[in-house]
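Worksheet: the structure to be examined is printed underneath.
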Amino acid sequence: MDALRSLKVPTFDRLVQEFQKLPSVGRRSAERMALWVLKSPKAQAEALGQALIDAKDKISFCVQCFAYTEEEDLCAFCSDQSRDFKKICVVTQPSDIGKIESSGVFKGQYHVLHGLIAPLDGVGPSDIKIYELKRRVQDKPEIDFEIILALSTDIEGDTTSLYMSQEFENINAKISKLAQGVPMGGALEFLDGRTLALAIEQRQEI
């Protein structure tokens, strides 16, 4: 791989640099991806490029929960009338929804924060979607909501959970969090479906 750096092919180098911008992709991995593109049929490279363009053009955020949706204002979960809209599971990123769904026990709706409170990184409550959830609940004062915090159990997750429990204290919502089956410092993506299902079923009110 080191020999590739002395090829003096600007277009190849630019392709490697773009791949390096992807999360957790170093120089060597980026070079492998770039070589795969060069070795693949042109139609395959065009299909990849078109998929990237389509993703940017067609996928947006749900206007209610901020999960991903395609060419619709509401995502599939918010528009599904069979789901319990009084129960709202709060997650950090849209990818966490798939993990919750795989547990098979939650049939409510979601709200995506798109981050956690992290003062050392300059991320405060107004930088994530906390107040949007508060307005969502306050817009329906006649309904008693349950807000289930499915956040990581690290410092940022605990800080966010504490802030939200205080922020929602005097409005029409009960705040609960996943049971202690979630290990300290654990993130949803690393939990098996059974552990997550038990953590949801045995959630505790804050």
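Taken together, the values in this text are just the output of simple stated rules run on the coordinates, not laboratory data. Bear in mind that the values here come from a model prediction, so they are computed numbers and not experimental data. For neighbour counting, all protein chains shown are included, and Cβ atoms are generated from backbone atoms with ideal geometry for every residue, glycine included.
Any idea how far apart K58 and V37 come out in nm if each label point goes 7 Å out from Cα toward Cβ?
My value for the distance between the label points is 2.2 nm.
About the Cα centre of the chain, how large is the charge dipole given +1 on each Lys and Arg Cβ and -1 on each Asp and Glu Cβ? Please answer in debye to the nearest 20.
Computed charge dipole of the chain: roughly 720 debye.
If you average over every viewing direction, what projected area does the convex hull of the Cα atoms of the chain give, in nm²?
Computed as one quarter of the Cα hull surface, the answer is 14.8 nm².
Which residue, E169, E18, E142, tops the fluctuation ranking in a GNM of the chain built on C-alpha contacts under 10 Å?
Greatest mean-square fluctuation among the candidates belongs to E18.
Taking a cut-off of 19 Å between Cα atoms, list the lysines near K129, but don't count ones fewer than 8 places away on the same chain.
Of all the lysines, those that pass the test against K129 - Cα under 19 Å, at least 8 places apart if same chain - are K86, K87, K140, K174, K177.
If I model a spin label as a point 7 Å beyond the Cα along the Cα-Cβ vector, how far apart are those points for D121 and Q93 in nm?
Computed distance between label sites D121 and Q93 equals 1.0 nm.
In units of 2.2 N^0.38 Å, what is the alpha-carbon radius of gyration of segment 2-59?
For segment 2-59, the normalised Cα radius of gyration is 1.21.
Roughly what % antiparallel, to the nearest 5, for the DSSP beta bridges in the chain?
Percent antiparallel among DSSP bridges in the chain is about 30.
Quick one: check the C-alpha center-to-center distance for segment 20-40 versus segment 112-139, whole angstrom.
34 Å
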